[in-house]
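Each remark here refers to the structure printed beneath this line.
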Amino acid sequence: MTTGIEYDDFLDLEYEPRDDDLVCEFTIDPADGMTMEAAASRVASESSNGTWAALAVDEDELTDLGATAYMIGNDDRISVAYPAALFEAGSMAQILSCIAGNIMGMKAVDSIRLEDCYWPETVVDGFPGPQFGTSVASEKLDAGDRPVLATVPKPKVGLSTDAHVQIAEDAWRGGVDLLKDDENLTDQPFNPFEERVSRSLAKAEELTEETGEKKDYLVNVTAETEEMIRRAEFVHEHGGGFVMVDVVTCGWSAVQTLREHCEDMDLAIHAHRAMHAAFDRMDHHGVSMRVIAQVARLCGVDHIHTGTAGLGKLANEDTPGINAWLKSDLYDCTDVLPVASGGLHPGVTDALIDALGTDIAIQAGGGIHGHPDGTEAGARALRQSVEATMQDVPLAEYAEDHAELATALEKWGAETPR
Ligand code: 3PG
């Protein structure tokens, strides 16, 4: 029998989502002359199996994969339920081409933002999820119950390999667990990848021996996918336990491939989110950081940057809510360790832990290397600020007999930089 498919078929305010529907919440601003209902049905249509023209379809030839806009709130929020069969198992690219694809540029809406997703087990099961998640703190490092501490040498690019390795040594000796490459340091002539990685990892081994605490390195392997895999193998061959990848600029399919290879090599993945704000900064358009973090978890990263709850240099965002989602139960999917990074320094550690808890990684670049007495003192100051907070001692009081912290507090106080 032939049937017609038109926009109205994608709106049903009586619909109750099934357990295996993928439900997406959008904020939309309908174009002039378009009602919320009309705009919502177009969103559901274009993101599943509809188009602008009414279609005459032979039902026998059609698997019905139409999405349903089933809720229209007073706050410009709509909810759309997608049948799980619409999605190819384990393909984040395909999922995003549906739920964050053509609809982002439709004329029917002046703006549209994908705010949140409720992932059914059938979809989640198609993905590996993280290997380690929050367990890196004790399984791969000796951080125990305190936040994992990391630092990125600054300037972020331009340092020679000699200078990079010296900063690493000083920072590890001062008390951080992890050295981290910055998002735009990959394999440039001033600090070539192989030399940097082999020398830094050798130094990590020395410092592990010297301090009795496991030291490791978040090596930025970001590159074209096959090259990225080669770089991950190099890290593994040289004894590293982590790789870092710029997940947004690399693309989710590359991240998925990296995740598969990291499983064989027991490497944890640290996700830097450079470029995320191109999608999530506007509060009325794009894809929220919450959804980006969800996607990253499914694709299998072990850490991801989620902001600093307004305490650093980046725009404020819902860091506590995103972090709670990353650590929440999601069927058999492992959790993710959230990373607070961007403009942090010892003077805000107490407020940061108060806002985000201790199950986080704290990364400070400028907040360590900008210490008046240098990197080692800066790392000590950060570690002291964490000790103070873990012991519930005010930073100023702890600083009375911790000189490095005192100097950091004198320099930065509790300022939140811009
Ligand atoms: C990052 O990777 O998040 C930034 O390079 C952080 O650097 P900062 O601690 O100096 O702000």
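Got the relative contact order for segment 56-125 handy, in percent, Cα pairs under 8 Å and 6 or more residues apart? Before the final figure, lay out each step's value.
Working: 43 pairs, mean separation 15.4, N = 70.
Normalised by residue count, the contact order of segment 56-125 is 22 percent.
Most mobile of His236, His345, His303 per a Gaussian network model of the chain (Cα springs, under 10 Å)?
His236
Between their Cα atoms, which of Lys313/Lys411; Lys215/Lys327; Lys156/Lys313; Lys203/Lys411; Lys203/Lys327; Lys203/Lys313 are more than 27 Å away from each other? All intermediate terms of the calculation are to be shown ahead of the outcome.
Values: Lys313/Lys411 16 Å; Lys215/Lys327 24 Å; Lys156/Lys313 16 Å; Lys203/Lys411 30 Å; Lys203/Lys327 32 Å; Lys203/Lys313 30 Å.
Flagged as over cut-off: Lys203/Lys411; Lys203/Lys327; Lys203/Lys313.
Tell me, what HN-Hα J-couplings in whole Hz come from the Karplus equation 6.51 cos²θ - 1.76 cosθ + 1.60 at θ = phi - 60° for each residue of segment 404-418, using x for Gly and Pro?
5, 5, 4, 5, 5, 5, 4, 6, 10, x, 10, 5, 10, x, 10
With a 1.4 Å probe and all protein chains kept in place, how do His285, His276 rank by accessible area, largest first?
Working: His285 60, His276 25 Å².
Greatest to least solvent exposure: His285, His276.
Can you run phi through the Karplus equation (6.51, -1.76, 1.60; θ = phi - 60°) for segment 52-57 and list ³J(HN,Hα) in whole Hz, with x for Gly and Pro?
6, 9, 5, 10, 9, 10
What residues qualify as long-range amide H neighbours of Gly241, i.e. H under 5 Å apart, gap of 5 or more or another chain, H built at 1.01 Å from N?
Here Tyr217 satisfy the definition.
Taking N as the number of residues in segment 136-184, what is its alpha-carbon radius of gyration divided by 2.2 N^0.38 Å? Working shown, then result.
Working: Rg = 11.9 Å, N = 49, 2.2 N^0.38 = 9.7 Å.
Its radius of gyration relative to the 2.2 N^0.38 Å reference: 1.23.
With angles folded into 0 to 90 degrees, how steeply does helix 289-299 sit against the dominant principal axis of the chain? Use alpha carbons for both and round to 10.
90 degrees
Across segment 152-168, in residue order, what do the Karplus-derived ³J(HN,Hα) couplings come to in whole Hz, using 6.51 cos²θ - 1.76 cosθ + 1.60 with θ = phi - 60° and x for Gly and Pro?
10, x, 10, x, 5, 9, x, 6, 6, 4, 4, 5, 4, 5, 5, 4, 4
Check Trp52: other-chain or 5+ apart residues with amide H under 5 Å from its amide H, H built from backbone geometry?
Sorted by chain and number, the residues that satisfy this come to none at all.
With the contact rule set at Cα under 8 Å and sequence spacing of 6 or more, what percent relative contact order holds for segment 1-58?
Details: 47 pairs, mean separation 37.2, N = 58.
After rounding, I find 64 percent.
Whole number please: convex hull volume per residue, Cα atoms of segment 191-235, in Å³. Don't skip to the end; give the middle numbers.
Working: hull volume 3.0 nm³, N = 45.
Taking only Cα atoms, segment 191-235 has a hull volume of 66 Å³ per residue.
In terms of modelled amide H atoms, which long-range or inter-chain residues lie less than 5 Å from the amide H of Asp116?
Under 5 Å from the amide H of Asp116 lie the amide H atoms of Glu25, each far enough along the sequence or on another chain.
Ignoring ligands, DNA and RNA, what percent of the accessible area of segment 218-304 is carbon or sulfur (1.4 Å)? Write down the numbers at each step before the final one.
Numbers: 1470 of 3000 Å².
That share works out to 49 percent.
Would you mind calculating the relative contact order of the chain from Cα pairs under 8 angstrom and at least 6 residues apart, reporting the percent as a whole number? Before the final figure, lay out each step's value.
Details: 882 pairs, mean separation 63.0, N = 418.
This gives 15 percent for the chain.
Taking the dipole about the Cα centre of segment 294-344, with the C-beta of Lys and Arg at +1 and of Asp and Glu at -1, give me whichever of Pro338, Trp325, Leu298 is farthest to the positive side.
Comparing the listed Cα positions along the dipole, Pro338 ranks first.
What is the gain in length, in nm to one decimal, between Ala54 and Asp12 on full extension, counting 0.36 nm per residue of separation less the C-alpha to C-alpha distance? Each step should come with its number before you reach the end.
Values: separation 42, 0.36 × 42 = 15.12 nm, distance 1.75 nm.
Working it through step by step, the gained length comes to 13.4 nm.
How much length is gained if the chain between Glu397 and Lys156 is pulled fully straight, taking 0.36 nm per residue apart and subtracting their Cα-Cα distance, in nm to one decimal? Before the final figure, lay out the partial values.
Numbers: separation 241, 0.36 × 241 = 86.76 nm, distance 3.30 nm.
Full-extension gain reported as 83.5 nm.
How big is the antiparallel share of DSSP beta bridges in the chain, given as a percent to the nearest 5? Walk me through the intermediate numbers first.
Values: 23 of 51 bridges.
Given both bridge residues lie in the chain, the antiparallel proportion sits at roughly 45 percent.
Could you give the distance between the Cα centres of segment 351-418 and segment 54-68, to the whole Å?
60 Å
With a 1.4 Å probe and every protein chain left in place, tell me how much accessible area Trp119 has, in Å² to the nearest 10.
10 Å²
Run the helix sum for the chain: -39,500 (n - 2.57) per DSSP H stretch of 4+ residues, divided by residue count, reported at 222 nm to the nearest 500 deg cm²/dmol. Show your work: numbers first, answer last.
Values: 17 runs with 157 residues, N = 418.
It lands at -10500 deg cm²/dmol.
The values are calculated or read from the model by the stated rules, or taken from the named source; none is laboratory data. From a predicted model like this one, the values you see are computed outputs, not experimental measurements. Using ideal geometry, Cβ is built from the backbone for each residue, glycine included, and neighbour counts are taken over all protein chains shown. Quick note on the areas: whole protein, heavy atoms, side chains included, nothing else; ligands and nucleic acids left out. Shrake-Rupley method; radii C 1.70, N 1.55, O 1.52, S 1.80 Å.
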